[in-house]
Amino acid sequence: MTAIGDNDRRIEKYRRMQRIRQFETRAETIHAAGEIPGALHTYAGMEASGVGACMALRDDDYMVGTHRSHGHPIAKGAKLRSLMAELLGKVTGICKGKGGSMHLSDFSMGSLGETSIVGSGGPVTAGAALGAKLQGLDRVALCFFGDGASSEGAIHEGMNLAAVWKLPAIFVCENNRFGMSTPTAAGVAGAHVADRAHGYGIPGIIVDGQDVDAVEAAVREAVDRARAGKGPTLIETKTYRYADHAVNMGRDLTPRGPEHDEWLARDPIVLYRARLVEDGVSGADLDAIDVQVAEEVADALNFARESAYPAFEEAFDHVFVDRLPIPDDVRAHA
Amino acid sequence: MTAIGDNDRRIEKYRRMQRIRQFETRAETIHAAGEIPGALHTYAGMEASGVGACMALRDDDYMVGTHRSHGHPIAKGAKLRSLMAELLGKVTGICKGKGGSMHLSDFSMGSLGETSIVGSGGPVTAGAALGAKLQGLDRVALCFFGDGASSEGAIHEGMNLAAVWKLPAIFVCENNRFGMSTPTAAGVAGAHVADRAHGYGIPGIIVDGQDVDAVEAAVREAVDRARAGKGPTLIETKTYRYADHAVNMGRDLTPRGPEHDEWLARDPIVLYRARLVEDGVSGADLDAIDVQVAEEVADALNFARESAYPAFEEAFDHVFVDRLPIPDDVRAHA
Amino acid sequence: MAKITYLEAIYQAQAEEMERDSKVFIMGEDIRCNVFGTTTGFVERFGEERVRDTPISENGFIGAAGGAAMVGMRPIVDATISSFLFPAMDQICSIIAKSRYIYGGQAQLPLVIRSCLFYGNSNAAQHSDRPYSMFMNMPGLKIIAPSNAHDMKGLLKAAIRDNDPVMSFEDSTCWMVKSEVPDDLDFVIPLGKGEVKREGTDVTVVAIAGAVNIALKAAEKLKAEGISVEVVDPRTLVPLDRDIILRSVRKTGRAICVDPAHKTCSAASEIAATIAEEAFEALRAPVVRVTTPDTHLPFSPHIEKPLYPSIERIMDAARRLVGAPAPQPQPA
Amino acid sequence: MAKITYLEAIYQAQAEEMERDSKVFIMGEDIRCNVFGTTTGFVERFGEERVRDTPISENGFIGAAGGAAMVGMRPIVDATISSFLFPAMDQICSIIAKSRYIYGGQAQLPLVIRSCLFYGNSNAAQHSDRPYSMFMNMPGLKIIAPSNAHDMKGLLKAAIRDNDPVMSFEDSTCWMVKSEVPDDLDFVIPLGKGEVKREGTDVTVVAIAGAVNIALKAAEKLKAEGISVEVVDPRTLVPLDRDIILRSVRKTGRAICVDPAHKTCSAASEIAATIAEEAFEALRAPVVRVTTPDTHLPFSPHIEKPLYPSIERIMDAARRLVGAPAPQPQPA
Ligand SMILES: Cc1ncc(C[n+]2csc(CCOP(=O)(O)OP(=O)(O)O)c2C)c(N)n1
Ligand SMILES: Cc1ncc(C[n+]2csc(CCOP(=O)(O)OP(=O)(O)O)c2C)c(N)n1
Ligand SMILES: [Mg+2]
Ligand SMILES: [Mg+2]
């Protein structure tokens, strides 16, 4: 695969993958220490999938993600402060502390939610693509979903709807080999999720999910198709998650096979760094990026730690446009 | 296509198709006269699809159908009396008058429901196939669903589940060109519903739905496969419904095209009669069957008319195994 | 003012709002062919882009309404029969009801999900659901349940203009009933405001959707027996106008809650609980519910029809509450 | 008798019934790896055929439980978290709840759908639903909601043996709590029988699921204030043991309904409405509900935790009902 894009774009891909990795490494540590409540599903190992896909999008394109929600917004360009603050449940969090780790969704980056109900992003994506079309905007909507999610009716309905209406949508199945403890083949019929495309009469593409350039190229083609009014594409990125389904759970649920080490040996960031160096980028420049990213992460964590928790009223805001009244008996003990 | 089966089986196919046609012709008339409450969705034009499929099944095999529920039970061998009584809402009806036209399901014939929620038979079928497998029975379960139904998540989930677990299931999509007023292509992505099979790694077969022998042959192959433990098959019968979505609605919702007359010219019963005669069956014998069937239908209608309506208590029976008590205030005015 | 049916009110509300605001569009199964008469001439008037026949895929297109709303559109979804909301339950409960909240106000979801309560006409259990109370238990969804053409039009227009997701439950027993409706293009009824449909002093009947019309007939008959009934129609179930209900019960001291839905955990249960909690001091008699009992709805008309709240059952309840004797049964 | 946790009770009930009856099998997402500890050693003991990991496909496998039940099996489905019932709503409401009825008794549906109420631990709104009241409004579904290991085991065994579909809502706040459970392999608690968990004379607290334990603690503290609380646990929500509730309220004259679910159209609403309808003569005070308010559940623990019914809120309600003064606030 030939590298694509000019140098700056490629550096940006490297930077975003580093951001995801370092952001999560830090998050995992402080989660273990009890600083982050709830479950934490990390994206480590899958960075090339998210970054490659998002780098093929414009800033104003839409994106819908999943419970494994840290990678997608960073891949799309989100700043780290409000993401980290969200993990800590602070009012400065991107969701004001109401979403948490499964919902790091930055709408200013075109996100329309990172939804923790598996498969539920499918219809939303079709709808966003429809909304763009109806408004005469040449935006596309991209749906990230897992291999496990492909079994949900919602994914089928989203793809069928997008295909029937030739909507500018891209469905990216991040096949990381497992849904929790279940190997893909035990939950998903057929050789490849991408094969489902045939039934909808749309292209079904398989791409090396550890190669950020390859992912970007595949998604870019789908985006061009979508913008040209030719309808959706289904892309399957073959990738791998390093950590267990969620981290710090006490035991590993994932039945690792001998291929585990092979996957670790194809780390998307290591691979990309090597390619960049081979293509003449200096190692020192990349080291400098690593350091900058480390500073960003540290800054984000500082910001998050110094931020306040939401006031109790926040619990009653955003159910509707108008804030709900707080019942007296609840307020009395808040 | 070469004819298959010995003469008796072929006569039986003819008889069942006639039964469906005559049963429904009669039902349509008395529905117009107000003798049948609710909506009536007829199967006329599609007889070869149901009869061909069911003749490939054993008596103890399972079957799940749809709102267009008259054809399937008759195809599977059900007697007409309790079906007609059900249409009239009588207590002698197969569902004791509680199901009506959308639910002519005769469990003694292996039926597990004719369900009027579009697509909802998919998971039930997978479950019945699973139940057979778990009990070591070599039975199969067959799901009838419409072209429109293929867009429902439930159909996707049922097929995926059956494929992953290699269940003895057969999914028969009766593609009659429309879902209500919507042409198949306007609701269903892809060239053929059968193409969906590819995504599940199972066979996807297209068959002439007006040729009862062809349908039987295709389903028989799928049944053999299923019984041999090789998993499900998706079969699409290309067929046509003659009447509007439901009959006696005052106006026709179906946007008929020029192919309408071509379909009428390929009536499954007329075609089959011609083939039988060509193969040496005497026209007089077939006429005799037509007359016998007419008598069966008349007998069924007499039976239905003479039957009683359910007592009010019936409304409270079969919610659970134990009959519910009737609230006093309701009973007072029943 | 013109006298129009409930279905015409739906048609007018949709047409006027689509005319007013190009962000409003409508989709649903077989909507272009105008099955129930609520989209007459829409394709010709608004074009195929804004009047969309959907696949049979409720979770898909109702969820898509959510997505389209998030990017700036104002979708109306016609889900036809309420029973077909079950396949779409996840998009309604997990995405549409919750997205604004989960994302801390980042998501906007101005959309309307319409469906009819299709009971009483031998459609059997799978087509006869009246599931609004299920959605009342899910925060984040506004719910209207109008009982006549006037309210239907005013509430549906308000719903389309509202910036929150609104579910409209449309009672098919009201479809053909006419009432006077203002011609004003800006006639809207604010969500959350109930109405006293008839004043009375002895007993309050709080009725939902089509039951309002039955309650009004019962009130008229009870008048002849010397019982004065006040009929309150909440019109909107979320937000529920608890004040108008409590005010009435505080006046009459007696309450009957009439609801065409199944009894357990119904809107009637909620209203009764509210009365028992907040107007207890005023109560002079038990709070009674007149609902459909907790059985499914059978096909056979002879056993289906007696299951719904009826004029007779409301009259019985009212007599019981005021301590009036039941009328002598007529000799057969 | 042995002291075991609620999770162990689930494990034992399932293991014993699978041992007893070869028609019983279990399926669910990631069930073989025993995420919550309710299927320890099951694959080894019962084999992969009877212990099935499913695709992530709730409508598919819950519907498949219906199909398998119709052909003679007795499936247990572990849907893990209650929020994941929404995608399966159609198979539950249209097929499982209705098939026996629609087909006039031809269909048999002996199956159990288990799911946990997963609230209070920063799982955010999409994972924190407590939707049992939605299913209470749908005829044809029996529902259990046990509050301790003893009841969990006895009710789950009864559910597995029952010939109707049963939904089991398992409160995650009870998971690790131990209680004495009989060893008898035939220990079952009949569905539809509530229990008085603590006797008292001044006020009845009817509490649901995990709220029972909070109510018991509140009762203990109120005793010190001279208020005698009777705690009633319906244990089964359908059929609901209305008698045991009414008997208690007729004795105390006061009722508080405590429910971890959202207030509107909750089980608490249903119980309150029942009391107002059938025990009105005995009531000496308003019927009060202590529930989670109608907002979604936020991630941030600081604002999530105060939303649930608490000991303090129950105590406040009890004091109000008996007319006792609230205790003086302590200086900070
Ligand atoms: C509807 C629904 N069912 C089950 C779950 C529980 N769950 C959360 S993540 C997950 C696995 C998802 O697998 P996949 O789609 O492959 O995504 P991955 O976690 O591998 O990124 C499951 C079963 C859920 N959140 N939503
Ligand atoms: C879930 C659901 N959505 C919508 C309907 C209304 N409806 C009944 S039949 C039908 C068309 C079904 O088309 P198809 O599956 O092709 O079957 P056909 O009627 O052509 O036999 C529709 C939309 C329904 N019954 N259930
Ligand atoms: Mg995965
Ligand atoms: Mg069709």
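The values are calculated or read from the model by the stated rules, or taken from the named source; none is laboratory data. Note that the structure is a prediction, hence the values are computed from the model and not measured. When we count neighbours, we look across all protein chains shown, and the Cβ atoms used for this are built from the backbone with ideal geometry, even at glycine.
Tabulated data for the structure shown
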read-out	value
Some residue of the stretch C:132-149 being within 23 Å of D:Y101 (Cα to Cα), touching a Lys or Arg at 6+ places or on another chain (Cβ under 8 Å) and more than 8 Å from every other protein chain (Cβ to nearest Cβ)	no
Conditions (1) in contact (Cβ under 8 Å) with a residue 60 or more places away in the chain; (2) surrounded by fewer than 24 Cβ atoms within 10 Å (Cβ to Cβ); number of the one not met by A:L134	(1)
Failed condition for B:H245, given (1) surrounded by 21 or more Cβ atoms within 10 Å (Cβ to Cβ); (2) more than 14 Å from ligand 2 (Cβ to nearest atom); (3) more than 14 Å from chain A (Cβ to nearest Cβ)	(2)
Those residues of the stretch A:191-221 which are among the small types (G, A, S), within 15 Å of ligand 3 (Cβ to nearest atom) and either free of Cβ contacts under 8 Å to residues at least 12 places away in the same chain or not in a loop (DSSP other than H, G, I, E, B) (or both), in sequence order	A:A194
Boolean, C:T295 is of a type in the set (S, T, N, Q), crowded, with 18+ Cβ neighbours inside 10 Å, more than 30 Å from B:A304 (Cβ to Cβ) and modelled with pLDDT of 95 or more	no
Set A:P268, A:P325: member being in contact with a helix residue (DSSP H, G or I) (Cβ under 8 Å, 6 or more places away or on another chain), over 18 Å from A:M46 (Cβ atoms) and more than 16 Å from ligand 4 (Cβ to nearest atom)	A:P325
Test: residue in the stretch B:151-159 that is in contact with a helix residue (DSSP H, G or I) (Cβ under 7 Å, 6 or more places away or on another chain) and surrounded by fewer than 24 Cβ atoms within 10 Å (Cβ to Cβ)	no
Within the stretch A:65-175, helices (runs of 4 or more DSSP H) holding 3 or more residues that are closer than 30 Å to B:T182 by Cα and within 14 Å of chain B (Cβ to nearest Cβ)	A:121-134, A:153-164
Only one of A:P183, A:P203 that is more than 8 Å from every other protein chain (Cβ to nearest Cβ), within 16 Å of ligand 1 (Cβ to nearest atom), farther than 22 Å from A:H72 by Cα and surrounded by fewer than 24 Cβ atoms within 10 Å (Cβ to Cβ)	A:P183
Restricting the stretch D:103-161 to residues that are among the aromatic types (F, W, Y) and out of contact with any Leu (no Cβ under 7 Å at 6 or more places or on another chain), the residue that is nearest to C:D90 (Cα to Cα)	D:F118
B:E174 over 18 Å from B:A75 (Cα atoms) and crowded, with 24+ Cβ neighbours inside 10 Å	no
Those residues of the stretch C:170-200 which are acidic (D, E) and surrounded by fewer than 16 Cβ atoms within 10 Å (Cβ to Cβ), in sequence order	C:E180, C:D183, C:D184, C:D186, C:E199
Test for D:G66: is it surrounded by fewer than 20 Cβ atoms within 10 Å (Cβ to Cβ) and more than 16 Å from ligand 3 (Cβ to nearest atom)	no
Among the residues listed as D:A224, D:A149, D:A145, D:A158, the single one being surrounded by fewer than 24 Cβ atoms within 10 Å (Cβ to Cβ) and not assigned by TED's automatic domain parsing to the domain that holds D:Y308	D:A158
Helices (runs of 4 or more DSSP H) fully within the stretch C:211-326 counting 1 or more residues that are under 20 Å from the mean Cα position of the chain (by Cα) and of a type in the set (A, V, I, L, M)	C:211-224, C:242-252, C:267-278, C:311-322
Qualifying position, being away from ligand 1 (no atom under 16 Å from the Cβ) and buried (at least 24 other Cβ atoms within 10 Å of the Cβ), among B:V215, B:V164	B:V215
Failed item in (1) more than 8 Å from every other protein chain (Cβ to nearest Cβ); (2) in a helix (DSSP H, G or I), with A:L234 passing the rest	(2)
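Conditions tested, residue by residue: (1) surrounded by fewer than 22 Cβ atoms within 10 Å (Cβ to Cβ); (2) touching a residue at least 40 places away in the same chain (Cβ under 8 Å); (3) in contact with a strand residue (DSSP E or B) (Cβ under 7 Å, 6 or more places away or on another chain); (4) not in a loop (DSSP other than H, G, I, E, B).
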{"site": "B:D224", "(1), (2), (3), (4)": "yes, no, no, yes"}
{"site": "B:G229", "(1), (2), (3), (4)": "yes, yes, no, no"}
{"site": "B:D261", "(1), (2), (3), (4)": "yes, no, no, yes"}
{"site": "B:R266", "(1), (2), (3), (4)": "yes, yes, no, no"}
{"site": "B:L286", "(1), (2), (3), (4)": "yes, yes, no, yes"}
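Per-residue answers, yes or no, for (1) more than 9 Å from every other protein chain (Cβ to nearest Cβ); (2) buried (at least 22 other Cβ atoms within 10 Å of the Cβ); (3) out of contact with any strand residue (DSSP E or B) (no Cβ under 7 Å at 6 or more places or on another chain); (4) under 15 Å from C:E270 (Cα atoms):
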site	(1), (2), (3), (4)
D:H262	no, yes, no, yes
D:R284	yes, no, yes, no
D:A317	no, yes, no, no
D:P325	yes, no, yes, no
